[in-house]
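Each remark here refers to the structure printed beneath this line.
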Amino acid sequence: MMNMDVDEFEKVSGQLDGVYQEISVLVKKSPNDAVNSFKIGLINSTIRRANDLLEDKYRPFQEFSEFSSDDLPTNSDVALIVSQYIECMEKLRADNIYQEMGNWYWRVEGRSIRTLAPRKLRRK
């Protein structure tokens, strides 16, 4: 990864986490309600940026690129897709970080960028 890719990755990853948290609240209240077009526009923007980072190798579904604004998805649909994107973003991150002297760093040229341990190690 390049230095600017790390910055974009962290921004998009944080936005996906935020979307998932917000949608999860809505799923508990009304899983089958449609997400409004304003939110879908924002979610699609984030998903497009995630697709650029993930490329074909890490994308969760090759046939999915974004939600249709004509056929609005439900809260549970969005939660399902966004959770898959979060997992794939974490896989990309885990494949591009390393541990040195107890700390984790991104594999980038010319600079050490500190990060957290992979999520699977943090859950233990």
Residue pairs within 8 Å by beta carbon, gap of at least six or interchain, first lying in segment 110-121 and at pLDDT 90 or above, second surrounded by fewer than 15 Cβ atoms within 10 Å (Cβ to Cβ) and assigned to a helix (DSSP H, G or I), listed first then second, are 113/3; 116/122; 118/94
Every listed condition ((1) under 21 Å from residue 8 (Cα atoms); (2) modelled with pLDDT of 95 or more; (3) more than 18 Å from the chain's Cα centre (by Cα)) holds for residue 27 save (1)
task: Return yes or no: is residue 33 over 23 Å from residue 117 (Cα atoms) and surrounded by 11 or more Cβ atoms within 10 Å (Cβ to Cβ)?
output: yes
Residue count, segment 30-70, condition among the hydroxyl-bearing types (Ser, Thr, Tyr), part of a loop (DSSP other than H, G, I, E, B) and within 15 Å of the chain's Cα centre (by Cα), comes to 1
Within segment 85-111, residues being surrounded by 11 or more Cβ atoms within 10 Å (Cβ to Cβ) and either in a loop (DSSP other than H, G, I, E, B) or of a type in the set (A, V, I, L, M) (or both) number 8
Being over 28 Å from residue 110 (Cα atoms), in contact (Cβ under 8 Å) with a residue 60 or more places away in the chain and of a type in the set (Val, Ile, Thr) narrows 12, 6, 19, 25 down to just 19
Checked 54, 72 against criteria (more than 30 Å from residue 1 (Cα to Cα) and crowded, with 16+ Cβ neighbours inside 10 Å); the one match is 72
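The values are calculated or read from the model by the stated rules, or taken from the named source; none is laboratory data. Quick caveat: nothing in here was measured; it's all calculated off a predicted structure. Neighbour counts run over all protein chains shown; Cβ positions are idealised from the backbone, glycine included.
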